[in-house]
Structures are given as C-alpha cells and as structure tokens.
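The values are calculated or read from the model by the stated rules, or taken from the named source; none is laboratory data. Because the structure is a prediction, the values reported are computed rather than measured. Cβ: placed from backbone, ideal geometry, glycine included. Neighbour counts: every protein chain shown.
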Amino acid sequence: MTRRSPFRARGRRTAVLLPVAALAVAAGPAVAAAAAPAAAGSTQATTLQPVDTYTGLRFVVPAGNDDLGRPQTCTIDADLYKPHAAGPAARVPAILTTNGFGGSKADQAGLGKAFAARGYAVLSYTGLGFPDSGCKISLDDPGVDGVAASSLVTFLGGGGTAPYASSDVAGTTGGPGTLGVDFTVLDDAATHDPRLGMIGGSYGGQIQFATAARDARVDTLVPLITWNDLRYSLAPNNTSLARGVTYADSAPGTQKIGWTGLFFGVGILDGLQGAAIDPARNVGCPNFVLEACKAKATLDTLGYPTSDTYRLTDRVSVGHYVDRVKVPTFLIQGENDTLFNLQESVATYRALKSRGVPVTMAWQSWGHSGGTGDNTGAAPGELDLTGQHIEDTYLGLRIRNWFDHQLKGSKVSTGPEFAYFRDWVPYTGTAAPAYATASSYPVGTRRTWYLSSADDLVASRSAVLPGSTSWSNPGLGAPASYSEVSGLEGQVSLPDGLTTPYDTPGTFGAWSTAPLASAVDVVGSPTLDVRFDSPAVALTQAAGPSGQLQVFAKLYDVAPDGSKTLVHKLISPVRVADVTQPVHIELPAIVHRVEAGHRLQLVLASTDAAYKNAYAVQPVTVHASPTAPATLSIPVVP
C-alpha cells in the first residue's frame, strides 16, 4: 500500500532468480479454533509476537488468457511474514496484500511485519506486470489478476509449496528453501480455504474486488483509495450519470491527460525494468494488455473514450461486477485525491449496501494528490503505513479491529459506518478527535443558492434578478484555466506560484455568495442544475462528442482579502450531450469548513489544463431567471 501517488518513482530492485514451481493441490490440515473474543466495543491488548520472514517466494500461476486469447501462466514474486509461534497446533488467520501501481511487494513490508506480530500470516506479493512479477499489466482484471491471486489464496490454505530465496526465522538468517503453509486457520481443508482478508491501496485496492469476485474463499476486504469505475477515473463526465459514477455510454467523459500519461509512462518503465523476468511483456503493447494501448491511443486522439474503451474499463471496474462481491468491506478513500475521488467510494458503498453486503466507509485526509513525496502524507495520528504504531493511529486501530472482528471472531467494535476527517479540528496524539462519525452516508442537510444577475449566488428565489453571464473557450484545445499538475504536485519540486489555480477572464462564468454570517461545514457532493445557451454548439453537437459543450465546474472558498482556495484542487469535468436541455452536474465531494466572512464562489470554466479541451470555439451563456433559476445545492452539517 503506497501513500504517494501509486505511480511513484523507485529504483530497480535486484531480482532473485530461483526455480519456479506451479502450485500443487494437497490435503490441508484440520480447522483450528479462532482466538477468544474480546468484550463488545473494546480493543484487545496488543501483545507483539516474534516474526518469521520468508523473502523471494516464487509462484507460477494460471492467469486467464493473454492478448491472443491463449491460456497463460505468470510468475509472481512474494514475501511471507508469520508469527514465530504459528504452526499446526497454533493456527492464525491470513492476510493477502499487494502493491499500488508502480510499486512492489516491498511497499507492504512494514504492514506485513506489523500484522504478523499481531497474530496474522501475511503474504505480500508484487502484482502482475511490475518487477519482479511477470506478464503484462491487465488493470486488475478479475479474469487475469483475480485468477492469479486465487492461486495465492490456495497456497495460504495449504495447497502446495513455493521456493523462497532466504528466510529470517527466530532471528537466524537462512538461505534458499521451500515453504508450505500449515499454520493458517482453515474454513475448509478440502478446498484449501483459509480464514483470509485482503488490504492494499489504489491498484492494490481494486485487486481485492477482482479476487473476491472470482474466489468465494476471501472473507473480508480493506481497499484504500481505489476506483469504482475506471471510465470515470480517467475520463470523467459528472453529468448523465446512469448509476454511481458510471455515466451513459452516449455521454463520454474528458481525458485526464496528466494522469493517463503518467500511468502509461510508469507501466512501460516497469516493463523495461522487468524484462529479465518476462521478456514477452514488452512485445506488442509494451507491458500493457493490447486493449489498454488501444484505449490510450483513442483518448489521446479523440480526448474521450469509445465503446471499445468501455469494454475494457467495465471489465476491470468493481462498479460493473459488484454483484459478485459479497464479503464485509471497509472502504477508505482520500479527501485529497484528483485521481480516484470521494464519489468513487460513495458509488461502491451504495452499491454494496443496497445488496445487503456489510460495508463501512471512512474518508481520510490523504489520497493520490498533494503529497509530500514520501510515505508520511497522512495527518498526525491518522495512519502509520510503516505499521510500527497501528494502535496509536485512528485508522490503524480501526483496520486492526476490523480484521480482528472479521477474521479472529473478536467482538471488538469495527467503528461507525461512516467517518470523515476534518482538517479544521485541532488535536494531539491520535487523529480520532478530527474524525466526525455517522450511522450512514450521506450526512447533514442541503442548503440552496440560486444563480442571479451580477454574478451573485442568492439564498432565495425571490432574490433572483434577471441577467446573463457569457464566456467562451480559446479553441484549438488550448487551456485557459488551471487546477493542478495531475500526479506531480508533492512528488517533484515545482516553481513557486505554478500550482496556484487560476481562470483567464472571458473564459469562465462565476457566481458568489455574500459573506457568510457563520461558518459552513460542507460534507459531500454539491450539485448544480443549470441550462446552457449555446446556439453554436446546438448546431455541432449532433456530430458527436467532439461537437458537444465542455464545461469544468468547481467551487472556490474566497477569503475576505480576495484570496481563493480550490479545495484539494478538485473539479468536475462535464460534456453536455444536449445543450438545449437542463443539465444536472455533480461537483466534487469535499470535506471543508468555509469560515464566517468568507464567500462561496461557483465557477464554470470552459477549459482546464489537466484535461483535453474542445478544439472548436464554444461561446455559451447562462441566463439568470427568477421563474426558473439555476440551482446550487450544498450538503452541510451542523
């Protein structure tokens, strides 16, 4: 699990080349009793155990089909951490974890040792397509990555052995050997079914859904900062939403050029670094399945996805196979994340809950964006990714309690169904005081403003004055507004002032409230209902997406001195299928306090530098109408 962008740079690790062996199926040992439960609502005392470590395990596993439709096997590199005392007479539950995009098994080393010391056997592996595992990147495809992970579940259930490069058992370092698992709690020995949970972030979060959808032996999931629908993640359209964040096929989104470029650059580099493990991964589409290269070419050429792209993104997105995910899930999503935003977690949360699947959701302070360039982006006392201080952090303790409850049978509380971090709340020690909790999502009530003349947002329909606001884009795809350098901020040093959002006069419309009489706490997704007037676009939109109106909606917090904050630099790209009809826009979900004396400002921009922009000039007007005003709805909590 990585705190930084899942596309973080890293040095090449030295490969440990060992003979590889396919997983054999063998009878497993009998089921052992789980640990005695703690009192309801309590936390169990932490007794740390010595940990045995086995590094450089090698597996050769079936992994669906390759680009040509042929059955393939893939090499997987992994490390295993187990309590020293675990054995046939003292069995422990298992945890399976893997890396974020561009990472490796080493990213989970701290977590693996920490949970092994707390009574779990943890297998951390490098995902397919990343050194030092073979095959191409398949974007967490259940039919490829999920199938491969299923073999690792079998291994943790006692089904077969794997060679390893070295071990550290009871403080004694040893050389190569072969490891079989006879120390995990089994729910069914005949099917090699271990008591097993999964954890990981970003790419290591979606693999959990892919595995659970393929393998009913998985018992619980803890996915962090991952996607619901990759079509929305990489080419969002925040209108025409058919369900969750999935927009209608006929209303394609707009490419996030920064994120998609970085995504492919890192994947190709990993292929070059891992050529010795699997040279075939660089043949044809370099280190990606062929469909991914075709999708990238389509996005680069058109700026939006097509039906061919949807076939890929639908297959690798939990939003399209959620019916097959039926195990308790603890979703953790980042408030500071322009790649996989909070709406993605809401979509997954609602889909699971509507199907009766036990689900809990927490919005943490950090995500893929605005990091510090290391693994310390979490707020103090929020989550220690090294695993050294699990119980001293709010989310660390909740994750430990979640696994203890789901896998050890402990009656310890798993916490509230919904919690969210508030950066305006002071605290010391654990971040628990900064987290507000609720019995479900959404929370609070909606507060409404109306678009009026003179670029005002007014609080009542009767206060709306007639008028209009007009703007246009520059054309030729040129950006006139800036929100972020996707994926780079916090990862590299950028010149002062370069990362400050701006909008060029004449290329956007803006409406502002009066100074607020008291602070307003926004929690969730604002929405905008509006009509656009663009005769030029009305004539071109029938030609398809390239002729449709593009708008980028965002909400600023404006201080009394005029300085503006674009919360976490989140915006909502919109492609309007029919400019003659009303449009409902979902703005980015945020958790933010607007202080007394500040103003809220709604901005509708014609372009954004982080996205593909319209080539045709698109003049547009929004009319303020007292009889049918455009409406901005803000979710607020007391």
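Suppose we filter THR329, THR360, THR414 for residues that are closer than 15 Å to VAL222 by Cβ, buried (at least 24 other Cβ atoms within 10 Å of the Cβ) and at pLDDT 95 or above; which single one remains? If you could, list the steps in order and put the result at the bottom.
Numbers: THR360 fails: buried (at least 24 other Cβ atoms within 10 Å of the Cβ); THR414 fails: buried (at least 24 other Cβ atoms within 10 Å of the Cβ).
Sole residue among the options that is closer than 15 Å to VAL222 by Cβ, buried (at least 24 other Cβ atoms within 10 Å of the Cβ) and at pLDDT 95 or above: THR329.
Residues in region 17-24 include none that are buried (at least 16 other Cβ atoms within 10 Å of the Cβ), in contact with a helix residue (DSSP H, G or I) (Cβ under 7 Å, 6 or more places away or on another chain) and at pLDDT 50 or above.
Selection of strands (runs of 3 or more DSSP E) fully inside region 123-178 by the criterion of at least 2 residues being free of Cβ contacts under 8 Å to residues at least 40 places away in the same chain and out of contact with any Asp or Glu (no Cβ under 9 Å at 6 or more places or on another chain) returns 172-174. Among the residues of region 370-390, those that are at pLDDT below 90, more than 23 Å from ARG118 (Cα to Cα) and either outside the structural domain of PHE115 (by TED's automatic domain parsing) or not β-branched (Val, Ile, Thr) (or both) comprise GLY370, GLY371, GLY373, ASP374, GLY377. Do we find a residue being outside any loop (DSSP other than H, G, I, E, B), more than 25 Å from the chain's Cα centre (by Cα) and surrounded by fewer than 21 Cβ atoms within 10 Å (Cβ to Cβ) anywhere in region 565-581? Taking every residue of region 565-581 in turn, none turns out to be outside any loop (DSSP other than H, G, I, E, B), more than 25 Å from the chain's Cα centre (by Cα) and surrounded by fewer than 21 Cβ atoms within 10 Å (Cβ to Cβ).
Which count do you get for residues in region 413-443 that are farther than 19 Å from LEU383 by Cα and either part of a loop (DSSP other than H, G, I, E, B) or in contact with a Cys (Cβ under 9 Å, 6 or more places away or on another chain) (or both)? Step through it out loud before you land on a result.
Here is the first cut: in region 413-443, the residues farther than 19 Å from LEU383 by Cα are 438-443.
Keeping just the survivors that are either part of a loop (DSSP other than H, G, I, E, B) or in contact with a Cys (Cβ under 9 Å, 6 or more places away or on another chain) (or both) gives 439-443.
Residues in region 413-443 being farther than 19 Å from LEU383 by Cα and either part of a loop (DSSP other than H, G, I, E, B) or in contact with a Cys (Cβ under 9 Å, 6 or more places away or on another chain) (or both): 5 in total.
Exactly one residue out of THR360, THR348 is assigned to a helix (DSSP H, G or I) and of a type outside the set (Lys, Arg): that is THR348.
Matching residues to (1) among the aliphatic types (A, V, I, L, M); (2) in contact with a Ser or Thr (Cβ under 8 Å, 6 or more places away or on another chain):
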residue: ALA276; (1), (2): yes, no
residue: ALA280; (1), (2): yes, no
residue: VAL283; (1), (2): yes, no
residue: ALA295; (1), (2): yes, yes
residue: THR306; (1), (2): no, yes
residue: THR309; (1), (2): no, yes
residue: GLY319; (1), (2): no, yes
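Of all positions in region 68-79, none carries a residue that is at pLDDT 90 or above, over 27 Å from LEU290 (Cα atoms) and part of a loop (DSSP other than H, G, I, E, B).
With respect to the conditions (1) surrounded by fewer than 18 Cβ atoms within 10 Å (Cβ to Cβ); (2) modelled with pLDDT of 95 or more; (3) out of contact with any His (no Cβ under 8 Å at 6 or more places or on another chain), ALA543 falls short on a single one, namely (2). Based on this model, can you work out whether LEU196 counts as assigned by TED's automatic domain parsing to the domain that holds VAL122 and either without any contact (Cβ under 8 Å) to a residue 40 or more places away in the chain or in contact with a Phe, Trp or Tyr (Cβ under 8 Å, 6 or more places away or on another chain) (or both)? No: the conditions fail for LEU196.
Tally time: how many residues in region 87-122 are of a type in the set (Gly, Ala, Ser), part of a helix (DSSP H, G or I) and in contact with a helix residue (DSSP H, G or I) (Cβ under 8 Å, 6 or more places away or on another chain)? If you could, list the steps in order and put the result at the bottom.
As a first pass, look at region 87-122 and keep what is of a type in the set (Gly, Ala, Ser): 87, 89-90, 94, 100, 102-104, 106, 109-110, 112, 114, 116-117, 119, 121.
Imposing the further condition that a residue be part of a helix (DSSP H, G or I) reduces the set to 106, 109-110, 112, 114, 116-117.
Pick out the ones that are also in contact with a helix residue (DSSP H, G or I) (Cβ under 8 Å, 6 or more places away or on another chain) and you get 114.
Matching residues across region 87-122 total 1.
Of the candidates THR260, THR246, the single residue that is at pLDDT below 95 and either under 17 Å from the mean Cα position of the chain (by Cα) or assigned by TED's automatic domain parsing to the domain that holds PRO573 (or both) is THR260. With the requirement that a residue be assigned to a loop (DSSP other than H, G, I, E, B) and closer than 20 Å to ASN99 by Cβ, what does region 376-393 give you? Correct list: THR376, GLY377, ALA378, LEU383, ASP384, LEU385, THR386, GLY387, GLN388. Only a single item in (1) within 18 Å of the chain's Cα centre (by Cα); (2) farther than 15 Å from ASN341 by Cα; (3) at pLDDT 95 or above is not met by GLU291, and it is number (1).
Just to be sure I understand, how many residues within region 304-338 are farther than 23 Å from GLY396 by Cβ and not polar (S, T, N, Q)?
Applying the first criterion (farther than 23 Å from GLY396 by Cβ) to region 304-338 yields 304-326, 338.
Restricting the remaining residues to those that are not polar (S, T, N, Q) gives 304-305, 308, 310-312, 314-316, 318-326.
Here the count works out to 18.
Out of GLY467, GLY387, which single residue is within 22 Å of PRO515 (Cα to Cα) and in contact (Cβ under 8 Å) with a residue 24 or more places away in the chain? Step by step, each of GLY467, GLY387 is checked, and only GLY467 is within 22 Å of PRO515 (Cα to Cα) and in contact (Cβ under 8 Å) with a residue 24 or more places away in the chain.
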